[in-house]
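Peer 1: Please read through the structure below; I'll follow up with questions.
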Amino acid sequence: MNLATFYAQHSKLIDQIGLDALLALSLSICLQAGQLALAQAAFMGIAAYVSAVVSLNFHWPLLASILAAMLASTIVAGVLALPVRRLRGIFLAIATIGFGEIVRVVANNLSITGGAEGISGIPPDATTPVIYASLAVVALALYALSRTKFSLAIALVREDESAARGVGIDVGFVRFTTLAIGGAIAGLAGALYAHSQFFIAPGDFGFGRMEQILVWCVIGGVTSPLGAAIGAALLTILPEAIRFLADYRDVTDGLILLLVILFAPRGIAGLWRRGARGRA
Amino acid sequence: MTGALTLERATVDYGGVRALCEVSLTVVPGRVLGLIGPNGAGKTTLINATTGIVALSNGTIRLGERRIDGLAQHQIARAGIARTYQNIRLFGTLDVYANLAAGAYPRPGRLTAPAARALLERAGISHVALDTIAGALPYGDQRRLEIARALAGDPQIIMLDEPAAGMNPTETARLVEMIASISQAGIGVLLIEHDMTLVRAACHDVVVLNFGEVIARGTPSEVSADPIVIEAYLGTDEGAA
C-alpha cells in the first residue's frame, strides 16, 4: 500500500489526530499552571459555531473565520477567568464543567446555532495541511513560551500559589493568561473542527468531549504539552487500530486511564523522564 | 533613611480577635531586629501583614517613603521585601536552580548559573548541586536554600521566620554568621526567633510582643533583663540560661 492510498483511507483519522492534539495542548497549558479548568470543549464549541456562522451567513474566507472564532473563544475564556479567579482544584473543575453545560444547552436552544439539529453545509476547507500547519504554529508558539521566564511563573503557580506571590509573581495574571491561551488554542481546534466536519451539533462539545481531553492530558503527563499531544494521538489511533475496541471506546479509555493513574501517575512524559534518568 | 521598613500603629484583627495591636517598629538597612514573644504573640501575623497576606485594620506600613500596606502580595515582594516561612515553603518538586530563579523572578533577565551558585555560597550550601530536586534536600539545607531564594531577589528587607528551627548548634552558629553577613550587605533583617542565645548573638535590637502588643524593646541584654519580659515570656528558660 503506498502513501497516497494510506492517506485516502485514513485522512479522517489523520485530521482528527491533529485536532485532538490541539485540544490536548489547550488543556495542558491550564494544567501546567495547576488549573483544573474544564471548559475546553465549550471554548471549542463556541469557536466552531462562530466560524460556521460567519462562513455560511457572511461567506468569510477560512482564515478570517478561524481568527474570528479564536477571538470569540479567547474573550469568553478571559471573561470566564474573572468569576472563577478565587476557585481552585475541584471547585474550579465543577464551575467550568457547569459553564460547559450552559454553553451546550444554549447552543441547543438558539436559532442561530440551529438548535439540536446543529449546522450543516460548512465548507470542508480545513484540509490536512491546514490542520497540521495550525498545529505546528501552536507547537512553535508554546515552545517559544517555554523558553521565556513566564514559563517559570506558570510552574511556580502550579507548585504553590502563595509562595509564588511571595517571590513577586502576579498569580492572578498567570491564571488569567493561561486560561486565555487555552481558550485561544481550543478555539482554533473548534474552528478547524467545524471546517473539517461539514456538520456540527451541540453534542459534539459536551462533557464527553471534555472528559476525553482530560484523559489525553492525564495519560500524556499533566505538566507536559508534548506528552498531552502524544496521549491524544495514541487514544485517537487506538480504537481505529484495534477495530473490535471501537465500540467500547469509552470503556478502553477508562481502563487505560485507570492503569496510567495506578502505574504511571506522571503519564507518558513521566515514563520517558524516568527512562532518561535510568540511562544517565 | 531610604529602604527602612516602618510599621506605625499596625493593627490586625482576625474576626473578633485582635492579633496585632498598634505595633510600631522600624527595620533599618544593615541592622538585625529580633522579634520575640510567646507562641500566639503575633510574630508571624506581623510578617503576614507586612507581606500583604493579611490586611491591616488600622495603621500603616512603609518601605522607605512608599506606603505598602494595601498593596498585593506580589507587589510588596517586588518592592523589595523577601521572607522565609516558619514551615519551609520551597517549590519542592522543582530543582534548586528553579527555586533560586523564582526568587530572582522580579529582577530583569534570567538568573545565571554562576549567580545561582554565588547565592548558594552566600547561604552556606555551596555543596548543593543546582539540579537537585529541592524537596529531596536535607532539612537544614532546605532552610538555607529558602534564605538563598529570598536573597536572590536582591531585597532591601528580609524577614526570617524561625530560621533556626530544627537546626543543630553547629548549624545555628553558621546561621548567625550568615545573618551578620546579610545585614553587613546593607539589608535590613527582621528575625523571628525563640532561641534567646541566637537572638543575643545575631540581633542589634529586639522587640518583644505579647498578645499582639509590644511589651518591651531595646538591645538584647536590656530586653532579657526586663522584668516584664521575664515574667511574660522568658520565665524559667531565662533562669536556667
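The values are calculated or read from the model by the stated rules, or taken from the named source; none is laboratory data. Only a predicted model underlies this, so the values are computations on that prediction, with no experimental measurement involved. Heads up, the Cβs are rebuilt from the backbone with ideal geometry, glycines too, and the neighbour counts pull from every protein chain shown. Ligands, DNA and RNA are stripped out before the accessible areas are found, and what is left, the full protein with its side chains, is counted by its heavy atoms. Shrake-Rupley method; radii C 1.70, N 1.55, O 1.52, S 1.80 Å.
Peer 1: Can you pull out every residue in the stretch B:131-167 that is surrounded by fewer than 16 Cβ atoms within 10 Å (Cβ to Cβ) and either touching an Asp or Glu at 6+ places or on another chain (Cβ under 8 Å) or without any contact (Cβ under 8 Å) to a residue 24 or more places away in the chain (or both)?
Peer 2: Answer for the stretch B:131-167, where residues must be surrounded by fewer than 16 Cβ atoms within 10 Å (Cβ to Cβ) and either touching an Asp or Glu at 6+ places or on another chain (Cβ under 8 Å) or without any contact (Cβ under 8 Å) to a residue 24 or more places away in the chain (or both): B:D131, B:T132, B:I133, B:A136, B:P138.
Peer 1: Among B:G92, B:G16, which is the only one that is surrounded by fewer than 17 Cβ atoms within 10 Å (Cβ to Cβ) and without any contact (Cβ under 8 Å) to a residue 12 or more places away in the chain? Let's see the steps before the verdict.
Peer 2: Numbers: B:G92 fails: without any contact (Cβ under 8 Å) to a residue 12 or more places away in the chain.
From the options B:G92, B:G16, the qualifying one is B:G16.
Peer 1: Of all the residues that make up the stretch A:253-268, how many are surrounded by 15 or more Cβ atoms within 10 Å (Cβ to Cβ) and in contact (Cβ under 8 Å) with a residue 12 or more places away in the chain? Before you say what the answer is, go through the steps one by one.
Peer 2: As a first pass, look at the stretch A:253-268 and keep what is surrounded by 15 or more Cβ atoms within 10 Å (Cβ to Cβ): A:253, A:256-257, A:260, A:264, A:266-268.
Keeping just the survivors that are in contact (Cβ under 8 Å) with a residue 12 or more places away in the chain gives A:253, A:256-257, A:260, A:266-268.
Number satisfying all stated conditions: 7.
Peer 1: Within the stretch B:70-79, which residues are on the phi > 0 side of the Ramachandran plot and either in a helix (DSSP H, G or I) or open to solvent by less than 10 Å² (accessible area, probe 1.4 Å) (or both)?
Peer 2: none
Peer 1: If you take the residues in the stretch B:155-198 that are touching a strand residue (DSSP E or B) at 6+ places or on another chain (Cβ under 9 Å), part of a loop (DSSP other than H, G, I, E, B) and under 25 Å from B:P114 (Cα atoms), which one is nearest to the other protein chains (Cβ to nearest Cβ)?
Peer 2: Across the stretch B:155-198, the extreme among qualifying residues is B:P155.
Peer 1: For the stretch B:200-215, which positions are crowded, with 24+ Cβ neighbours inside 10 Å and of a type in the set (G, A, S)? I'd like the intermediate steps shown before the answer.
Peer 2: If we filter the stretch B:200-215 for residues that are crowded, with 24+ Cβ neighbours inside 10 Å, which is where we start, we get B:202-203, B:206-209.
Once the filter is applied, which keeps residues that are crowded, with 24+ Cβ neighbours inside 10 Å and of a type in the set (G, A, S), the stretch B:200-215 yields only B:A202.
Peer 1: Restricting to the stretch B:199-224, and then to whatever is at pLDDT 90 or above and part of a helix (DSSP H, G or I), can you tell me which residue is nearest to B:I147 (Cα to Cα)? If you could, list the steps in order and put the result at the bottom.
Peer 2: Narrowing the stretch B:199-224 to residues at pLDDT 90 or above: B:199-223.
Okay, now just the ones that are also part of a helix (DSSP H, G or I), so B:199-202, B:220-223.
On the way: B:V199: 17, B:R200: 20, B:A201: 19, B:A202: 16, B:P220: 23, B:S221: 27, B:E222: 29, B:V223: 27 Å.
For the stretch B:199-224, the residue satisfying everything is B:A202.
Peer 1: Follow-up. Kindly establish whether A:D170 is among the acidic types (D, E) and in contact with a His (Cβ under 9 Å, 6 or more places away or on another chain). Give the steps one after another, and end with the answer.
Peer 2: On the way: among the acidic types (D, E): yes; in contact with a His (Cβ under 9 Å, 6 or more places away or on another chain): yes.
Spelling it out, A:D170 is indeed among the acidic types (D, E) and in contact with a His (Cβ under 9 Å, 6 or more places away or on another chain).
Peer 1: Search the stretch B:218-231 for residues that are among the aliphatic types (A, V, I, L, M) and pair each with any residue that is modelled with pLDDT under 90 when their beta-carbon atoms are under 7 Å apart and the residues are at least 6 apart or on different chains.
Peer 2: From the stretch B:218-231, the pairs are B:V223/B:V229; B:I230/B:E238.
Peer 1: Give the residues of the stretch B:19-46 that are closer than 21 Å to B:V223 by Cα, aliphatic (A, V, I, L, M) and either open to solvent by less than 40 Å² (accessible area, probe 1.4 Å) or more than 14 Å from the chain's Cα centre (by Cα) (or both), sorted by residue number.
Peer 2: B:L20, B:V23, B:L25, B:V27, B:V32, B:L33, B:L35, B:I36, B:A41, B:L46
Peer 1: Could you check the stretch A:62-170 for helices (runs of 4 or more DSSP H) lying wholly inside it with 3 or more residues that are away from chain B (no Cβ under 14 Å)?
Peer 2: Numbers: elements: A:62-81, A:89-109, A:128-146, A:150-159, A:161-166.
Helices (runs of 4 or more DSSP H) meeting the threshold: A:62-81, A:89-109, A:128-146.
Peer 1: Based on this model, can you work out whether A:I122 counts as touching a residue at least 12 places away in the same chain (Cβ under 8 Å) and open to solvent by less than 60 Å² (accessible area, probe 1.4 Å)? First the steps, then the outcome.
Peer 2: Details: touching a residue at least 12 places away in the same chain (Cβ under 8 Å): yes; open to solvent by less than 60 Å² (accessible area, probe 1.4 Å): yes.
Answer is yes for this residue.
Peer 1: Could you give me the residue pairs with C-beta distances under 7 Å whose first residue belongs to the stretch B:64-89 and is more than 10 Å from chain A (Cβ to nearest Cβ) and farther than 21 Å from B:P163 by Cα, whose second residue is open to solvent by less than 40 Å² (accessible area, probe 1.4 Å) and outside any loop (DSSP other than H, G, I, E, B) wherever it lies, and which are 6+ apart or on separate chains?
Peer 2: Every condition considered, the pairs that remain are B:R66/B:A79; B:R67/B:T60; B:I68/B:I61; B:I68/B:I76; B:I68/B:A79; B:D69/B:T60; B:D69/B:I61.
Peer 1: May I ask you to verify whether A:D204 is open to solvent by 20 Å² or more (accessible area, probe 1.4 Å) and away from every other protein chain (no Cβ under 14 Å)? Show your work before the answer.
Peer 2: Working: open to solvent by 20 Å² or more (accessible area, probe 1.4 Å): yes; away from every other protein chain (no Cβ under 14 Å): yes.
Yes.
Peer 1: Still on this structure, please answer the following. Quick check, is A:A194 more than 14 Å from every other protein chain (Cβ to nearest Cβ), hydrophobic (A, V, I, L, M, F, W, C), in contact with a helix residue (DSSP H, G or I) (Cβ under 9 Å, 6 or more places away or on another chain) and assigned to a helix (DSSP H, G or I)?
Peer 2: Details: more than 14 Å from every other protein chain (Cβ to nearest Cβ): yes; hydrophobic (A, V, I, L, M, F, W, C): yes; in contact with a helix residue (DSSP H, G or I) (Cβ under 9 Å, 6 or more places away or on another chain): yes; assigned to a helix (DSSP H, G or I): yes.
In short, yes.
Quick grid of which residues meet (1) more than 21 Å from the chain's Cα centre (by Cα); (2) at pLDDT below 95:
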position	(1), (2)
A:P123	yes, yes
A:A144	no, no
A:K149	yes, yes
A:L152	yes, no
A:A164	yes, no
A:V167	yes, no
A:D170	yes, no
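Peer 1: One residue is enough: does the stretch B:15-28 have a residue meeting the conditions within 14 Å of chain A (Cβ to nearest Cβ) and of a type outside the set (S, T, N, Q)? Working first, answer last.
Peer 2: Quick first cut of the stretch B:15-28, residues within 14 Å of chain A (Cβ to nearest Cβ) only: none.
Within the stretch B:15-28, not a single residue is within 14 Å of chain A (Cβ to nearest Cβ) and of a type outside the set (S, T, N, Q).
Peer 1: Restricting the search to the stretch A:76-94, which residues are open to solvent by 40 Å² or more (accessible area, probe 1.4 Å) and within 13 Å of A:A42 (Cβ to Cβ)? Break it down into steps so the answer makes sense when it comes.
Peer 2: Looking only at the stretch A:76-94, we keep the residues that are open to solvent by 40 Å² or more (accessible area, probe 1.4 Å), and these are A:76, A:79, A:82-83, A:85-88, A:90-91, A:94.
Those that are open to solvent by 40 Å² or more (accessible area, probe 1.4 Å) and within 13 Å of A:A42 (Cβ to Cβ): A:V76, A:V79.
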